[in-house]
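Written out below as structure tokens is the structure these notes cover.
The values are calculated or read from the model by the stated rules, or taken from the named source; none is laboratory data. The structure presented is a predicted model; accordingly, all values stated were derived computationally and were not measured. Here the Cβ positions follow ideal geometry from the backbone for every residue, glycine too, while neighbour counts run over all protein chains shown.
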């Protein structure tokens, strides 16, 4: 399996009880490509509790972002106030997956040394074709 260290940014409006919050999250994810079936898995490093799956890295990212969106909606529905929502989102973002973090560091170092296959860009270009 080939692993890629990725940075991501996502977010948007979240509607809570008596408030609308604009949430923007910048984090790290580990993309793992299973060469046997060509499937991708994106696992969150920060936040550490997100997963996304797909036939391409783009599909896995979209699934990952949908998981994030659903989590933010859940946080808003659980929180009685904006301050509670803010705390829940901060706690969620602060979760870290130590195993994914270690794998992310290895993948980042491999990319810096030019040891990763250069086929991820090709798979990105074929989205929707």
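Being in a helix (DSSP H, G or I) and without any contact (Cβ under 8 Å) to a residue 12 or more places away in the chain: is that true of residue 37 here?
When the stated conditions are applied, residue 37 does not pass them.
May I ask you to say which residue of 16, 44 is surrounded by 15 or more Cβ atoms within 10 Å (Cβ to Cβ), closer than 24 Å to residue 101 by Cα and touching a residue at least 12 places away in the same chain (Cβ under 8 Å)?
Exactly one residue qualifies, and that residue is 44.
Any residue that is in a loop (DSSP other than H, G, I, E, B), farther than 30 Å from residue 116 by Cα and either in contact with a strand residue (DSSP E or B) (Cβ under 7 Å, 6 or more places away or on another chain) or modelled with pLDDT of 90 or more (or both) - is there at least one of those in region 3-13?
No, the conditions are met nowhere in region 3-13.
Here is a list of conditions, (1) touching a residue at least 12 places away in the same chain (Cβ under 8 Å); (2) more than 19 Å from residue 14 (Cα to Cα); (3) not in a helix (DSSP H, G or I), and residue 101 meets all of them except one; can you say which number that is?
(3)
Out of all the residues in region 22-35, is one or more touching a strand residue (DSSP E or B) at 6+ places or on another chain (Cβ under 7 Å), over 30 Å from residue 115 (Cβ atoms) and surrounded by 18 or more Cβ atoms within 10 Å (Cβ to Cβ)?
yes
Closer than 26 Å to residue 107 by Cα and surrounded by 19 or more Cβ atoms within 10 Å (Cβ to Cβ) - does that describe any residue in region 69-91?
No, every residue in region 69-91 fails to be closer than 26 Å to residue 107 by Cα and surrounded by 19 or more Cβ atoms within 10 Å (Cβ to Cβ).
When only residues in region 98-123 that are touching a helix residue (DSSP H, G or I) at 6+ places or on another chain (Cβ under 9 Å) and surrounded by 11 or more Cβ atoms within 10 Å (Cβ to Cβ) count, which is modelled with the highest pLDDT?
Here the answer is 116.
Each row is one residue, and each column tells you yes or no for (1) assigned to a strand (DSSP E or B); (2) at pLDDT 90 or above; (3) touching a strand residue (DSSP E or B) at 6+ places or on another chain (Cβ under 8 Å); (4) under 25 Å from residue 15 (Cβ atoms).
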{"position": "45", "(1), (2), (3), (4)": "yes, yes, yes, no"}
{"position": "48", "(1), (2), (3), (4)": "no, no, no, no"}
{"position": "63", "(1), (2), (3), (4)": "no, yes, yes, yes"}
{"position": "66", "(1), (2), (3), (4)": "no, yes, yes, yes"}
{"position": "70", "(1), (2), (3), (4)": "no, yes, no, yes"}
{"position": "73", "(1), (2), (3), (4)": "no, yes, yes, yes"}
{"position": "80", "(1), (2), (3), (4)": "no, yes, no, yes"}
{"position": "90", "(1), (2), (3), (4)": "no, yes, no, yes"}
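In region 50-66, what residues are closer than 20 Å to residue 88 by Cα and either without any contact (Cβ under 8 Å) to a residue 12 or more places away in the chain or in contact with a helix residue (DSSP H, G or I) (Cβ under 7 Å, 6 or more places away or on another chain) (or both)?
50, 51
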